1. Would you confirm whether any residue within segment 117-127 is more than 14 Å from the ligand (Cβ to nearest atom) and either without any contact (Cβ under 8 Å) to a residue 60 or more places away in the chain or within 24 Å of ALA187 (Cα to Cα) (or both)?
2. Which condition from (1) within 16 Å of the ligand (Cβ to nearest atom); (2) of a type in the set (Lys, Arg); (3) assigned to a helix (DSSP H, G or I); (4) touching a residue at least 24 places away in the same chain (Cβ under 8 Å) is the one that LYS143 breaks?
3. Being under 19 Å from VAL134 (Cβ atoms) and over 14 Å from the mean Cα position of the chain (by Cα) is the filter; apply it to segment 185-217 and report the residue that is surrounded by the fewest Cβ atoms within 10 Å (Cβ to Cβ).
4. Let me confirm something: among THR72, THR49, THR23, THR13, which residue is out of contact with any Ser or Thr (no Cβ under 8 Å at 6 or more places or on another chain), touching a residue at least 24 places away in the same chain (Cβ under 8 Å) and surrounded by 23 or more Cβ atoms within 10 Å (Cβ to Cβ)?
5. Quick one: would you say ALA112 is away from the ligand (no atom under 15 Å from the Cβ), small (Gly, Ala, Ser) and either assigned to a helix (DSSP H, G or I) or touching a residue at least 40 places away in the same chain (Cβ under 8 Å) (or both)?
6. Is it fair to say ILE220 is surrounded by 15 or more Cβ atoms within 10 Å (Cβ to Cβ), within 17 Å of ILE106 (Cβ to Cβ), free of Cβ contacts under 8 Å to residues at least 60 places away in the same chain and within 12 Å of the ligand (Cβ to nearest atom)?
7. Is there a residue being of a type outside the set (Gly, Ala, Ser), assigned to a helix (DSSP H, G or I) and touching a helix residue (DSSP H, G or I) at 6+ places or on another chain (Cβ under 6 Å) anywhere in segment 185-197?
8. So which of TRP132, TRP182, TRP173 is touching a Leu at 6+ places or on another chain (Cβ under 7 Å) and either over 27 Å from LYS41 (Cβ atoms) or more than 11 Å from the ligand (Cβ to nearest atom) (or both)?
Amino acid sequence: MSVYLKDKVAFITGAAHGQGRATALALAAEGVHIAAFDIAKPLSYPGYTMGSTDDLESLQEACQKAGVQCITFRGDVRLDADVAGAVAKTEEKFKRIDILFNNAGICAYGLADELTEEAWDAMLDINLKGAWLVARRVIPIMKTQASGAIINNSSIAGLRGMNRLSHYAASKWGLVGLTKSWAIELAPYNIRVNSIHPTGVDTPMNDGLAFLEGSTPQEIAERSAGNLLDVPWITTDDVARAVLYLVSESGRYITGSQLVLDAGLLTR
Ligand SMILES: NC(=O)c1ccc[n+]([C@@H]2O[C@H](COP(=O)([O-])OP(=O)(O)OC[C@H]3O[C@@H](n4cnc5c(N)ncnc54)[C@H](O)[C@@H]3O)[C@@H](O)[C@H]2O)c1
């Protein structure tokens, strides 16, 4: 357990399953208290399985077993009332927020001339606007502390074009703009802001895309991939370790950066 991270507090969106959950558990193992925020209910778009209240409960138990406190919130990153309430309760309980992992996100395929406005809005509102809605509530707390680390979970789709994923890619490129701009605004307050860019990750999202496309998770991974290294996808632990690095003392002078976890994909 690291002395640097012990008793710090992390607010994590999309924490119920997938990358958010794995990161919550990895931080908990380092002594970080967790505020886990998730919609924890089905969404008509994209229509695959979201996290659940059971997931949030079992995450809370696992964190407590690891010796840290965990509070959970059911809420939508698109709704300021949900976000503001959860951030206020987190501050009330822990008196601080040291780490924000803007991780909640959705994905679904669609050609630009076939997408509905509903699909576009859901994609941009959850993946991009949601990150801002959460950050704008957390940033004042970090400013008061004069410390903090924000990680935005973008994607390789935030650094390249993606066939039938233009709305997803737009949201993920947008996160790079937020990351770099917030890094400038917040450096004077000793708050660092970085984005991560995973290639396909083995999570319920990939299972969900396979379900929507009538294919297998492996086919979904291979479709967007072309990883140089011989793996169809990376794991949630790979992502959790990258976040840990960025928020730990080792990352103390890293800000405004894009940490690529792509098994070499963007090299070609
Ligand atoms: N899986 C991949 O291949 C991959 C690759 C690169 C980046 N990403 C990004 O990583 C992040 C996490 O993805 P994942 O693979 O763990 O996906 P996932 O679908 O397995 O998990 C996403 C979590 O976010 C929650 N969520 C969705 N909409 C929400 C909302 N409006 N408000 C609150 N919570 C909401 C879900 O309930 C779920 O628990 C996403 O932003 C995704 O775009 C995923």
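The values are calculated or read from the model by the stated rules, or taken from the named source; none is laboratory data. The model shown is predicted, which means the values in this text are computed figures rather than measured ones. We place every Cβ from the backbone using ideal geometry, glycine too, and count neighbours over all the protein chains shown.
1. Yes: one or more hits.
2. So LYS143 meets the others, but not (1).
3. GLU185
4. Details: THR72 fails: surrounded by 23 or more Cβ atoms within 10 Å (Cβ to Cβ); THR49 fails: surrounded by 23 or more Cβ atoms within 10 Å (Cβ to Cβ); THR23 fails: out of contact with any Ser or Thr (no Cβ under 8 Å at 6 or more places or on another chain).
Within the list THR72, THR49, THR23, THR13, the selection yields THR13.
5. When the stated conditions are applied, ALA112 passes them.
6. Against the criterion (surrounded by 15 or more Cβ atoms within 10 Å (Cβ to Cβ), within 17 Å of ILE106 (Cβ to Cβ), free of Cβ contacts under 8 Å to residues at least 60 places away in the same chain and within 12 Å of the ligand (Cβ to nearest atom)), ILE220 qualifies.
7. yes
8. Going through TRP132, TRP182, TRP173 in turn, just one is touching a Leu at 6+ places or on another chain (Cβ under 7 Å) and either over 27 Å from LYS41 (Cβ atoms) or more than 11 Å from the ligand (Cβ to nearest atom) (or both): TRP132.
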